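S.K.: This is the structure I have questions about; it appears just below.
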Amino acid sequence: MSYALVEIRDEGNKPLYPRDFRSLRNKFERILTDGILVNKTRYCYLHHSMSQVKEKQFWFLDTKYSLKDVLCWMGNFDGERVIAKHTARF
């Protein structure tokens with residue numbers, strides 16, 4: 001699969017703060033709805049990272065794949081009560 005993990009930072013490679021996100025709202029909205037273009041490959045927004053350490057990171061997926069493809073590739077987790085525990089020990 002072709003994934004891209006994108007971390008949003010300022011020009012000085014410093015993290016952004018909530019006040020920065022407010023002023024960049026329109027730009028973020030466009031990136032999350034239209035996707036990004038990297039080396040002639042279009043990536044669409046898939047999900048954002050949930051941990052506090054990675055609070056400003058977003059997962060993008062090559063547009064030749066769909067969410068259904070990703071879920072099929074990941075497999076079935078119906079039998080797992082705590083998925084994070086299983087993946088951490090994998």
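The values are calculated or read from the model by the stated rules, or taken from the named source; none is laboratory data. Everything quoted here is computed from the prediction, not taken from an experiment. For neighbour counting, all protein chains shown are included, and Cβ atoms are generated from backbone atoms with ideal geometry for every residue, glycine included. Just so you know, the surface numbers come from the protein's heavy atoms only, side chains and all, with ligands and any DNA or RNA stripped out. Shrake-Rupley method; radii C 1.70, N 1.55, O 1.52, S 1.80 Å.
S.K.: Would you pick out the residues in the stretch 57-71 that are β-branched (Val, Ile, Thr) and under 10 Å from CYS44 (Cα atoms)? Explain how you work it out, then say what you get.
M.R.: Restricting attention to the stretch 57-71, the residues satisfying the condition of being β-branched (Val, Ile, Thr) are 63, 70.
Answer for the stretch 57-71, where residues must be β-branched (Val, Ile, Thr) and under 10 Å from CYS44 (Cα atoms): just THR63.
S.K.: Something else now. Of all residues in the stretch 6-44, count the ones that are open to solvent by 80 Å² or more (accessible area, probe 1.4 Å) and either within 23 Å of TRP73 (Cα to Cα) or aliphatic (A, V, I, L, M) (or both).
M.R.: Here is the first cut: in the stretch 6-44, the ones open to solvent by 80 Å² or more (accessible area, probe 1.4 Å) are 7, 9, 11, 13-14, 17-19, 22-23, 25-27, 29-30, 33-34, 37, 39-40, 42.
Narrowing the set further to residues that are either within 23 Å of TRP73 (Cα to Cα) or aliphatic (A, V, I, L, M) (or both) leaves 37, 42.
Qualifying residue count for the region: 2.
S.K.: Counting just the residues of the stretch 41-90 that are out of contact with any Ser or Thr (no Cβ under 6 Å at 6 or more places or on another chain) and among the polar types (S, T, N, Q), which one comes out modelled with the lowest pLDDT? Write out each step before concluding.
M.R.: So in the stretch 41-90, the residues out of contact with any Ser or Thr (no Cβ under 6 Å at 6 or more places or on another chain) come out as 41, 43, 45-56, 58-61, 63-90.
Next, only the ones that are among the polar types (S, T, N, Q) stay: 41, 49, 51-52, 63, 66, 76, 87.
Working: THR41: 87, SER49: 71, SER51: 64, GLN52: 53, THR63: 86, SER66: 82, ASN76: 77, THR87: 65.
Per the criteria, the residue is GLN52.
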